[in-house]
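All of the numbers you see were taken from the coordinates with simple rules; none came from a lab. Since the model is a prediction, treat every value here as computed from it, not as a measurement. Neighbour counts run over all protein chains shown; Cβ positions are idealised from the backbone, glycine included.
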Amino acid sequence: SEQFRFAKIGCGGMGGGDLNSVLAAGGKLVGLCDVDPKRAESAYKRFPDVPKFTDYRKMLDKLENEIDGVVVSTPDHTHAVAALDAMRRGKHVYVQKPLARTFEECQLLLEATRKYKVVTQMGNQGHAGPGLILWKKMMDANAFGDIQEVHTWSDRPIWPQGMTQPPAEEKIPEGFDWDSWLGPAQMRPFSSAYLPFKWRGWWDFGCGAIGDMACHNMDPAFWILRLGLPTSVKAEASEPTGIAYPSWSIIEYTFPATPVCPKGVKVVWYDGKKLPQKPANAHPQLNLGTNGCLIVGSKMTAMGGSHAGAPTPVALGKEAYGPAVKDAERVWREELKQTNGCNHYGQWVEACKECDLTKPGSNFEYSAPMTQTLLLGCIALRFPGKELKWDNAKRQFTNLPEANQWLASKPRAGYALSV
């Protein structure tokens, strides 16, 4: 059938945007699920005749035969359990970034798409945009020369972090399904300190600033440099991660050789208003902005903004910004006018209709390893100043065994982290 029927898990905030985008791409809404009917009120009023639930498991049980795909726009800690439940039923899935909260969850999602042959897409919308095309044109033209290092950053967190004590218990708001909001996480008292949006700063629910923005801002480097998992990771932070993420952090990854980086490459992440140094020979008034990606090459250095934003050459290797780079950039941008990217959501919807697992640019074959890399950085935040060496064949840290406990989590009864 040409009709693509989908169910929506999480309808407020970003969930509302995802809902509108999939509808605009031609999807037909058949089910709505949100733990907070008040936050989902806009969607609920707009679709009065669509069945509504607070527990996604009940929705999938009841509507299984009416659903072709599921869109998951919930806090990070419920991404994997909800998506895996849908995938085990043969449903295509669109999952907001970061793909999951733990390394193991990402691995399970990757294994599930291979087993059930379902179409997948992670919600880093810039991956389908024109900016990434321009980054690729620069790479294909060998404009960078030898890649020397990469820096990427965000002004996040814009929510509380650095907490050391659990918040005080509060009364659960009327109609709010706290048990379903916790999902696989262990039971604890309700507190407004967790939501909405503030859950990102808590270890059990979110992935901190890097989880929020690196799937966007680090995307160009992962894509054009063809990075996989790192060989080591080392973090600096305002304080070690405990129950909450630190107020700021700098995370340095060392990647092995790739087809375009034969010597390997160092990639550094900055958040909490920390920024990299401006590149050598850049204009003194160069503004790094609040979010960005900087790829430093022997020939040229280029910088792009948030969400895989289009890059601009900002420096040459040992020369000032020159006419040759300006001329090349002009050609690239003219070419870009003819290729303006595509609709990230429409790409997924069309791929689902065609059962084309490779069509979505941020399918799990790409987005799972990228998210896993970010999550290794989250673990390094628990051991600031220590270099953690990663063995990807064994999927474990080799020089700090105590770090391996954070690669996975045990879900609460009633939730299955399994393929």
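Table for the structure above
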read-out: Electrostatic dipole magnitude of the range 330-387 [Cβ: Lys, Arg +1; Asp, Glu -1; Cα centre; debye, to 20]; value: 280
read-out: Label-point separation in nm, A168 to E64, each point 7 Å along Cα→Cβ; value: 4.6
read-out: The range 67-127: C-alpha gyration tensor shape, a/c 1.5 cut-off, then a/b vs b/c; value: rounded
read-out: Cα→Cβ-extended label distance, 7 Å offset, between K299 and K117, nm; value: 4.3
read-out: Pairwise label distance in nanometres, R395 with E365, each label 7 Å out on the Cα-Cβ vector; value: 1.9
read-out: Lys/Arg +1, Asp/Glu -1 at C-beta; the chain dipole; positive extreme among T120, Y94, A282; value: A282
read-out: N287/I158 FRET efficiency (R0 25 Å; Cβ-Cβ; nearest 0.05); value: 0.80
read-out: Set of the range 64-108 residues, backbone N closer than 19 Å to the point 7 Å along the Cα-Cβ line of Q3; value: 64-71, 91-92
read-out: Degrees, to the nearest 10: 323-336 long Cα axis against longest axis of the chain; value: 30
read-out: Charge dipole of the chain about the Cα centre (unit charges at C-beta), most positive-ward option of L227, T373, Q405; value: L227
read-out: Charge dipole (debye, nearest 20) of the chain; +1 at Cβ of Lys and Arg, -1 at Cβ of Asp and Glu; value: 300
read-out: FRET efficiency, 1/(1 + (r/R0)^6) with R0 22 Å, evaluated for F197 and A413 via beta carbons; value: 0.20
read-out: Length released on extending from S42 to E236, taking residue separation times 0.36 nm less the Cα-Cα span; value: 65.7 nm
read-out: Under 17 Å from K353, Cα to Cα: lysines that are on another chain or at least 8 residues apart; value: K28, K91, K117
read-out: Within straight-line cross-link reach of K278, aspartates and glutamates at Cα separation under 16 Å, skipping those fewer than 8 residues along the same chain; value: E149, E319
read-out: Positive minus negative residues near T358 (Lys, Arg vs Asp, Glu; Cβ under 13 Å); value: -1
read-out: FRET efficiency, 1/(1 + (r/R0)^6) with R0 22 Å, evaluated for Q277 and D146 via beta carbons; value: 0.70
read-out: For A315, residues with placed amide H under 5 Å, excluding near neighbours; value: T301
read-out: Acute angle (nearest 10 degrees) that the helix 103-116 long axis makes with the longest principal axis of the chain, alpha-carbon atoms; value: 70
